[in-house]
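*Asks:* Have a look at this one before I ask anything.
Every number in this text was worked out from the coordinates using simple rules, so none of it is lab data. Quick caveat: nothing in here was measured; it's all calculated off a predicted structure. Cβ atoms come from the backbone with ideal geometry, glycine included; neighbour counts cover every protein chain shown.
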Amino acid sequence: MNTTMKEGFDLAMMKGLKKWRLFSLLAALTIFLSGCGEEYLSTLTPAGQVGRDQFNLLLLASAIMTFVVIVVVIIYVLALVKFRRKKVGENVIPKQVEGSHTLEVIWTVIPILLLIILAVPTVIYTYKHADVAAMDHVDADGNKTAVTVNVTAKLYWWEFEYPDLGVVTAQELVVPTGEKVYFNLKAADVKHSFWIPAAGGKMDTNVENVNQFYLEFDKESADLKDGVFYGKCAELCGPSHALMDFKVKTLSRDDFNAWVESAKTTEAVADGELATQGEEIFNTSCIACHATSAEGTAGGVGPNLATFGDRNRVAGFMDHTEEDLKNWISDPQKYKPGNLMPQPKQLNDGKEFSEEQLDALAEYLMGLSIEK
Amino acid sequence: MSSIAQKKGFGATLWDYLTTVDHKKIAVMYLIAGGLFFVIGGIEAMLIRIQLAKPDNDFVSAGLFNEIITMHGTTMIFLAAMPILFGFMNAVMPLQIGARDVAFPFLNSLGFWLFLFGGLFLNLSWFMGGAPDAGWTSYASLSLASPGHGIDFYAIGLQIAGAGTYIGGINFLVTIINMRAPGMTYMRMPLFTWTTFVASALILFAFPPLTIGLFFLILDRMFGGNFFDHTMGGNTIIWEHLFWIFGHPEVYILILPAFGIFSEIFTIFSRKRLFGYSSMVFATVLIGFLGFMVWAHHMFTVGLGPTANAIFAVATMAIAVPTGMKIFNWLLTMWGGSIKVTTPMLYALGFIPSFVAGGVTGVMQGAAPLDYQLHDSYFIVAHFHYVIVGGVVLAILAAVHLYWPLMFNQMLSERLGKWTFWFFFIGFHLTFFIQHFLGLMGMPRRVFTFRADQGWDLFNLISSVGAAFMAIGVIILVYNIIVTAVRNVPVGNDPWEDGRTLEWAIPQPVPFYNFRQTPLVRGLDPFWIEKQEGNKEGMTYAEPLSDIHMPNNSFIPFVMTVGLFIAGFGALYHGEKDWALPVLILGFAITFSSMAVRSLKDDHGFHIHKEDLMNEKGGK
């Protein structure tokens, strides 16, 4: 090996190590990354232990990788500055170096060590995040200790069933804070993927098997911008894949229990004359697919509407206003192409819904609530 | 056949190209066809970025957007990147090893036509009821549910094009094993030949799983098979495995030749032997081998369980080691050299930081629990564009400039070349760097629109602006090519002056029989050795001047391919149109009778006589 090369290389390594200690890098990265994104949606502001583990892995990986990038860049820049033809002379024939065993060993062993540092937490977390044994734990009375949610992904909406509590809802997942919440995930038609970025990584909903994992939520969602965390479908599932959003409401354990109790006992009632008219239309045109009671099991043709008035969005992504609701009902294909909800003419004896009918339906639906 | 230069009419030239079996002409056709598909795929990319430039945009509809992203990915991988690399392999590799041609010139032609007609078949879907819309990965539950014929075009088109690639891969393998000039041992082969060799071996093993998967898909969609229909006992996850057992090695099929191209560039423009040649070869082989061990890292979120995920996570990280070796060897090739920043070198210099960034984000995604967050988000979009654009496309653009004089005996404008580089390079980082953060901020990939105020608006706009820069770069390149072609100034051999390998030793324009006498290879970088020893003749030759045996041109590969193209439409409309079955049979009849003619008719080729060779100065 020629000596200038070796000296330059060593110099570069020393400089690199002195300037960039892994630790200070980590700190800088944390500050930089957490400035990014919205609290209710970003993986950089983890809202539970699973997301936090994954975020920490991101920081560790980024730090190691930044170190590698810096070492490469230093050698690169030095080489480029020192050995330009302008500098070494037009007619110089450089020494034809074959290679260096020492250097080969260095840049094989150091990367292996760096990868081992990353591989250890990777393997540990892989097993940790797949551990769903506590799902089946029962207390002295034989009741399950943990909340389990059966998630069914459908074109393009989400059904959430609480099998141990006898409650089912759609589009808006309600979970207790401060404990592990377990999920059984399945797709009803084509493959989707269940992702709540702020809470943790995604898991696919396959058509042929049930996947299981868990998430944790530290804090109640009431203080967030919309009062909910955002959930996304992360697997291409057709034209309206981008619109297959859902929301997550996190409640303290007491509030969650109250919510479950209310879900089981609340009956859908039409309040006022307009809403009563709406209920009649609903009972002739809509009820074949949409249930209005949250007590029950999964398997709805359309989303369960028992909590419609409490929700944050119409059809999972439109603003929760009567105007948007009426737009949606009068032309679902326009707003969510490829979805399976029939157009009004198929429901209303071959006619579009009239403005009065839409007003009545909107009034009725907005009144469906278990929280009020 | 006369080898004396003569003006030919358009018809004669066209017929010459339709029937040619010359690796250099086939290379040009790969380059033109691949370049055309590259532009089409680029236009699709621009449509994507226009649609996503602002929230709630309605520039394209939801369904059309899915068709565009599917065709963008499929076109760029199968019809642009791979064929263009095949073009360079064809143009350069036989010359680098001092061969007359590839081992099977007839198959070389067949491979090209299969690729071209497969690509045309796929793109005809735009005009025949809609393009495929299930993503380039075409996951089974969605691809079975997709209405219309889009997915059928995808499955049949890729099957035809894939057969061409497979044939090409085998051809390169046999060529490199059997046709090296005397003295060209394996450990004297230039890195581009080595990477062609390993990439071809990957094609040999990676394409059969894709072929099987596509046949299953064709049977499921057109002939009532139930391989993937879970309600009939099928399983959709099998498609994911088959696809990625192909799909991951495919990444290396693309990137290894790119590594080869950059290895050539670093040595030429640093005027220095490749640092750590044997470890570079070892790393190439190792990457090829490990490439088959990691496919399930595309499937961490499928639910394979922690043990599978942990094993594939660690295996994935392991690939970083040989890749890192390569990066450091390139850096040390520059170290102590004499670096001249030409356009190809500029691309190579741009490649290092870009590819390192793509590589490290790959390791991050190898960490399975972290991948649960990154998978199918914009982070992965950023990552694979850093690898494919920052690696493969930069290599292709570098090679266009580097090998243009070898292929056409003209030099592309260096000034315009540098303009292309800077627009493309800055645009590339502007487009994709910020997408890492979009992914971390919760944006899923393959979304046709996004609502405002989720924190993604500005970054998406920046990304779209970057895409426009890349487009400008490509437009300058096209202009550069046209201007250079019109000017048509011959440059002769070794135009970069520091060529080291055999292809730079050959006279320009390259005679159709390549080297008049097969050269003798006396070490790594044989041309460099001869130049250093002051050999005025160019090379030392291994044989006296003697008759050269050449293959005849043939129209059969074209006809054979047209048969499959016709049969494709028969299969596509099977069970729907009455004419479908007869057309299917007709197509296969054409193909099989062409094969029969080829098998039964003796074609011994022809000889160029020694006397004719002695009278000749240069090319055709």
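*Asks:* To check you understand DSSP bridge types, tell me what percent of the beta bridges within the protein assembly as shown (both residues inside) are antiparallel, rounded to 5.
*Replies:* 70
*Asks:* Can I ask one more? Can you work out the FRET efficiency for the pair B:Ile212 and A:Ser354, with r the C-beta to C-beta distance and R0 = 56 Å, to the nearest 0.05?
*Replies:* 0.50
*Asks:* FRET efficiency for B:Lys8 and B:Val486, Cβ-Cβ distance as r, R0 = 22 Å, nearest 0.05? Could you put the intermediate results ahead of the total?
*Replies:* Details: r = 19 Å, r/R0 = 0.87.
Efficiency computed from Cβ-Cβ geometry: 0.70.
*Asks:* Suppose every Lys and Arg Cβ carries +1 and every Asp and Glu Cβ carries -1, with no other charges. What dipole size does the range A:79-162 come out with about its Cα centre, to the nearest 20 debye?
*Replies:* Magnitude of the dipole: close to 1200 debye.
*Asks:* Let me know the charge dipole size of chain A about its Cα centre in debye, to the nearest 20, where only the beta-carbon of Lys, Arg (+1) and Asp, Glu (-1) is charged.
*Replies:* The dipole of chain A has a size of about 3400 debye.
*Asks:* Please give the average number of partner chain Cβ atoms lying within 10 Å of the Cβ of each residue in B:436-443, rounded to a whole number.
*Replies:* Across B:436-443, the average partner-chain Cβ count within 10 Å equals 6.
*Asks:* Would you pull out the residues with amide H under 5 Å of B:Arg273's amide H, same chain only if 5 or more places away, H placed 1.01 Å from N?
*Replies:* Those qualifying (amide H under 5 Å, at least 5 residues apart or on another chain) are A:Val97.
*Asks:* Could you tell me which residue out of A:Leu340, B:Thr342, B:Leu31 lies farthest along the dipole of the protein assembly as shown toward its positive end? Charges go on the beta carbon: Lys and Arg +1, Asp and Glu -1, centred on the Cα centre.
*Replies:* B:Thr342
*Asks:* Which three extents, in whole angstrom, do the alpha-carbon atoms of the range B:418-547 cover along their principal axes, largest first?
*Replies:* 76, 35, 28
*Asks:* Could I ask something else about it? Mind checking which aspartates and glutamates have their C-alpha under 13 Å from A:Lys345, skipping anything on the same chain fewer than 8 residues away?
*Replies:* A:Asp331
*Asks:* How shielded is A:104-111 by partner chains, expressed as the average number of their Cβ atoms within 10 Å of its Cβ atoms?
*Replies:* Per residue, the average neighbour count from other chains is 5.
*Asks:* Tell me, what ³J(HN,Hα) does each residue in the range A:278-286 have, in order and in whole Hz, if you take phi through Karplus 6.51 cos²θ - 1.76 cosθ + 1.60 with θ = phi - 60° and put x for Gly and Pro?
*Replies:* Taking θ as phi minus 60°, the curve returns x, 4, 4, 4, 4, 5, 8, 9, 10 Hz for the range A:278-286.
*Asks:* Turning to a different aspect of this structure: Check the straight Cα-Cα distances from A:Lys128 and name the lysines below 30 Å, setting aside those fewer than 8 residues away within the same chain.
*Replies:* Within the straight-line limit of under 30 Å, A:Lys128 reaches these lysines: A:Lys144, A:Lys154, A:Lys180, A:Lys186, A:Lys191, A:Lys202, A:Lys219, A:Lys232, A:Lys247, A:Lys249.
*Asks:* Ok, one more. Positive end of the charge dipole of chain A (Lys, Arg +1 and Asp, Glu -1 on Cβ, about the Cα centre): tell me which of A:Pro303, A:Leu44, A:Leu118 has its Cα farthest that way.
*Replies:* Positive-end residue among those listed: A:Leu118.
*Asks:* Provide A:Lys247, A:Lys144 in ascending order of the number of other Cβ atoms located within 10 Å of each residue's Cβ, fewest first. Please list the in-between numbers first.
*Replies:* Numbers: A:Lys247 23, A:Lys144 16.
Fewest to most other Cβ atoms nearby, the residues stand as A:Lys144, A:Lys247.
*Asks:* Looking at B:Pro490, B:Phe300, B:Leu79, which one has the Cα that reaches farthest to the positive end of the dipole of chain B (charges on Cβ: Lys, Arg +1; Asp, Glu -1)?
*Replies:* It is B:Pro490.
*Asks:* Okay, moving on. With a cut-off of 8 Å between alpha carbons and a minimum separation of six or more residues, what is the relative contact order of chain A in percent?
*Replies:* Once normalised by length, the contact order is 15 percent.
*Asks:* Among rounded, prolate and oblate, which fits the protein assembly as shown when a ≥ b ≥ c are the square roots of the eigenvalues of its C-alpha gyration tensor, a/c under 1.5 means rounded, and a/b larger than b/c means prolate?
*Replies:* Since a/c reaches 1.5 and a/b is larger than b/c, the shape of the protein assembly as shown is classed as prolate.
*Asks:* Just report the Cα centroid separation between the range B:187-226 and the range A:124-180, whole Å.
*Replies:* A separation of 42 Å, based on Cα centres.
*Asks:* Can you list, largest first and rounded to whole Å, the semi-axes you get for chain A by taking the square root of 5 times each eigenvalue of its Cα gyration tensor?
*Replies:* Sorted largest first and rounded, they come to 56, 25, 17 Å.
*Asks:* In percent, what relative contact order does chain B have, based on Cα pairs under 8 Å that are 6 or more apart in sequence?
*Replies:* Result for chain B is 17 percent.
*Asks:* While we're looking at this one, here's another question. If I take the Cα coordinates of the range B:487-620 and project them onto the principal axes, what are the three extents in Å, biggest first?
*Replies:* That gives 72, 34, 33 Å along the principal axes, largest extent first.
*Asks:* With 10 angstrom as the radius, rank B:Glu67, A:Glu355 by how many other C-beta atoms surround their C-beta, starting from the fewest.
*Replies:* Ranking B:Glu67, A:Glu355 by Cβ neighbours within 10 Å, fewest first, gives A:Glu355, B:Glu67.
*Asks:* Continuing with this model, one more query. Within 10 Å, count the other beta carbons around each residue, average over each peptide in B:556-567, A:274-285, and list them highest first.
*Replies:* With the highest mean Cβ count within 10 Å placed first, the list reads B:556-567, A:274-285.
*Asks:* Residues in the range B:89-122, backbone N under 11 Å from the label point at B:Arg598 (7 Å along the Cα-to-beta-carbon vector): list them, ranges by number please.
*Replies:* Counting only backbone N, you get B:105-114.
*Asks:* Can you give the local net charge around A:Asn91? Use residues other than it whose beta-carbon is closer than 14 angstrom to its beta-carbon, Lys and Arg +1, Asp and Glu -1. Write out the running numbers ahead of the final one.
*Replies:* Working: positive: A:Arg85, A:Lys86, A:Lys87, B:Arg271, B:Lys340, B:Lys531; negative: A:Glu90, B:Glu497, B:Asp498.
Result for the neighbourhood of A:Asn91: +3.
*Asks:* To the nearest whole number, what is the average tally of beta carbon atoms from other chains within 10 Å of the beta carbons of peptide B:355-361?
*Replies:* Per residue, the number of nearby Cβ atoms from other chains is 4 on average.
*Asks:* Rounded, prolate or oblate: which one fits the range A:268-372, using the alpha carbon gyration tensor with axes a ≥ b ≥ c (rounded when a/c is under 1.5, else prolate when a/b beats b/c, else oblate)?
*Replies:* Numbers: a/c = 1.30, a/b = 1.13, b/c = 1.15.
Note, shape of the range A:268-372 comes out rounded.
*Asks:* Please order A:Arg84, B:Arg188 by the number of other Cβ within 10 Å, starting at the fewest.
*Replies:* Going from least to most buried by this count: A:Arg84, B:Arg188.
*Asks:* May I pose another question? Note down the magnitude of the dipole of the range A:136-289 about its Cα centre, charges +1 on Lys and Arg C-beta and -1 on Asp and Glu C-beta and zero elsewhere, to the nearest 20 debye.
*Replies:* Taking the Cα centre of the range A:136-289 as origin, the dipole is about 620 debye.
*Asks:* I would also like to ask the following. Have a look at the DSSP beta bridges in the range A:139-372 and tell me what percent are antiparallel, nearest 5.
*Replies:* 70
*Asks:* For every other residue with a beta carbon closer than 13 angstrom to the beta carbon of B:Tyr378, add +1 if it is Lys or Arg and -1 if Asp or Glu, then tell me the sum. Each step should come with its number before you reach the end.
*Replies:* On the way: positive: A:Lys232, B:Arg49, B:Arg445, B:Arg446; negative: B:Asp376.
So the surrounding residues net to +3.
*Asks:* While we're on this one: With a sphere of radius 12 Å drawn around the Cβ of B:Ile238, what net charge do the other residues whose Cβ falls strictly inside it have (Lys, Arg +1; Asp, Glu -1)?
*Replies:* -4
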